[in-house]
Amino acid sequence: MAQFPNSIHSKLPKTGTTIFTVMSKMAHEYNAINLSQGFPDFACSKKLLSLVDKHMKLGHNQYSPLQGLPELLEAISDKIETMYSTKYDPEKEINITAGATQAIYTAITALVHEGDEVIVLEPAYDCYVPAVELSGGIPIYVEMKGKNYKVDWDEVKKVITHRTKMIILCTPHNPSGSILSAGDMENLDKITRGTDIVVLSDEVYEHIVFDGYEHQSVARYPKLVDRSVIVYSFGKTFHATGWKLGYCVAPENIMKEFRKVHQWVVFTCNTPMQYAIAEYLQDEENYLGLYDFYQEKRDYFIDLIKGSKFKVIPASGSYFQLLDYSDITDEKDTEYAIRLTQEFGIASIPMSVFYHKPVDNQRLRFCFAKEKETLEKAADKLCKI
C-alpha cells in the first residue's frame, strides 16, 4: 500500500517499543517466568470486585465529573490528611486520572513549555522524558549515586538555571527500589525555595515501604506542597494495574492548569470503579496492610535465592528487587537479560535502559509481586545458574 506523506518527521525519533513490552513478549515466546513487567500475578480483593459489580448493577455507568466522583475525592482527601497531615480541597485540588502515567503526562504537558528544563534523576522510569520532549522541554539528567541510588543534591543544585521548570521525583523508586528520606525532602525544599520550580512526585508505591521506614511523601512538607504535583495509583495499591485508575493532588493554581489539559486527554475516568474504590477506602487496612504483605514477599524471595551467585541489594520500597550478576558473567545487562530469558526461562529488566546513556552496573530488576509458587519457581531457576 502506498504511504502518504512519504516521510513523517517524528516527535520522538529515539523512542521505540518499551523494554517492558519487549521483555514480556520474549517471556511469552520462550515460556519464561515473567518477573520483568511490574504487575501482580494474584487477584485483587474479592470485596473490591463485588463493589464494582454492585455499582455497575446500580446503574453507575455514565460519565463522572471531570475531576472525579465527589465521594472518592472526599475519601482521598481524608486519607492524605490522616497519613501526611495535609488537607487537600476535594473539589479544587484532587483529580482522578486514567492511571499514573496519564497523570504524569498531563502534568508535564500542562506546565512545561518550549525550552523549559526539567531535571530527571536517573535511573528514571521511562515515561518521564518522552512527555518532556513532546512538550518541547529539555531533560537535564542527574545520576543517582552508589549501590543504594542516593540523590546528590549538590549536583542537582549545580544544574538548576533560570530555565529550570520542574524536578521529577519517584519514591519509592522504580526501578531501583530505593526511597527518599526526610533529609532528601529538606534538601529539595532548600534548593527550590524562592524559585518557580514545580516538583512532580511519582509516589505510586507509597504503601510499599520496608524495614520500618515511613514513606516520605512530598505531602508531608508544607513548603513543598505549595509547588508540587503528587501522583498516586489505585492500580498499584489494589493489585489491579489493568484498571488504569489513579489520582493526583496539587495546589489550586496548578490543578487549574492540569485540568485544562486533562479534559482533552481523557475528560473523565471509569465511574463504577470510582464508586467501588470510594467505599473500599473506608477501611484503611485495605491499603495500610500492604507494608507487611509486600515485605513478606520481598524477604521470601531474597531468602529463596541465598544459595545463588546473584548479589542482593535489598529493596527499601516498591515491589522490585535488583540482583547483581557480576560474579556470574561480564556480559552487558541487556545481553544477559535476553540470555536469561531464552536459556534459563526467567525474564527481568536490565537497569541500563533506564539511563539516557546506558550505565551498566550489571544489575537486573525483578518484580516480586507474585504468588509464592511463582517466586519459588523463579528462585529455583536462578539458583541453578
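Just a few scattered comments:
- Elements of type helices (runs of 4 or more DSSP H) contained in segment 208-283, each with 3 or more residues being among the hydrophobic types (A, V, I, L, M, F, W, C): 252-265, 271-280
- In segment 310-323, the residues that are over 22 Å from the mean Cα position of the chain (by Cα) and crowded, with 17+ Cβ neighbours inside 10 Å: PHE310
- SER50 more than 28 Å from ASN270 (Cα to Cα) and more than 25 Å from the chain's Cα centre (by Cα): no
- Residue list for segment 35-52, filter: out of contact with any Lys or Arg (no Cβ under 9 Å at 6 or more places or on another chain) and closer than 19 Å to ARG363 by Cβ: GLN37
- Selection from segment 297-306 of residues that are in contact (Cβ under 8 Å) with a residue 60 or more places away in the chain and over 22 Å from the mean Cα position of the chain (by Cα): TYR300, LEU304, ILE305
- Leading residue by the ranking (nearest to the chain's Cα centre (by Cα)) among those in segment 196-230 that are of a type in the set (A, V, I, L, M, F, W, C) and under 15 Å from LYS87 (Cα atoms): ILE230
- Checking ASP152 against (1) over 23 Å from ASP226 (Cα atoms); (2) crowded, with 21+ Cβ neighbours inside 10 Å; (3) out of contact with any Cys (no Cβ under 9 Å at 6 or more places or on another chain), the condition it does not meet: (2)
- Scanning segment 160-169 turns up at least one residue that is over 11 Å from the mean Cα position of the chain (by Cα), under 24 Å from GLN321 (Cα atoms) and crowded, with 21+ Cβ neighbours inside 10 Å.
- Where strands (runs of 3 or more DSSP E) fall wholly inside segment 307-385, the ranges with 2 or more residues that are over 23 Å from VAL120 (Cβ atoms) and touching a residue at least 24 places away in the same chain (Cβ under 8 Å) are 320-324.
- Residue match in segment 7-14 (condition: farther than 22 Å from LYS236 by Cα and assigned by TED's automatic domain parsing to the domain that holds GLU335): no
- Residue check, TYR88 over 27 Å from LYS297 (Cα atoms), assigned by TED's automatic domain parsing to the domain that holds VAL265 and of a type in the set (Ser, Thr, Tyr): yes
- Condition met for LYS25 (at pLDDT below 95, out of contact with any helix residue (DSSP H, G or I) (no Cβ under 6 Å at 6 or more places or on another chain) and either assigned by TED's automatic domain parsing to the domain that holds ALA219 or surrounded by fewer than 19 Cβ atoms within 10 Å (Cβ to Cβ) (or both)): yes
- Residue satisfying all of: in segment 331-375; among the charged types (D, E, K, R) and exposed (fewer than 14 other Cβ atoms within 10 Å of the Cβ); farthest from the chain's Cα centre (by Cα) among these: GLU343
- Filter result (touching a Leu at 6+ places or on another chain (Cβ under 7 Å) and more than 28 Å from ASN253 (Cβ to Cβ)) within segment 197-223: HIS207, ILE208
- Filter result for ALA100 (among the small types (Gly, Ala, Ser), in the same structural domain as GLU155 (by TED's automatic domain parsing), closer than 21 Å to LEU245 by Cβ and surrounded by 22 or more Cβ atoms within 10 Å (Cβ to Cβ)): yes
- Residue within segment 231-239 that is over 15 Å from the mean Cα position of the chain (by Cα), crowded, with 23+ Cβ neighbours inside 10 Å and not charged (D, E, K, R) present: no
The values are calculated or read from the model by the stated rules, or taken from the named source; none is laboratory data. The structure presented is a predicted model; accordingly, all values stated were derived computationally and were not measured. Cβ sites come from the backbone with ideal geometry, for glycine too, and all protein chains shown count toward neighbours.
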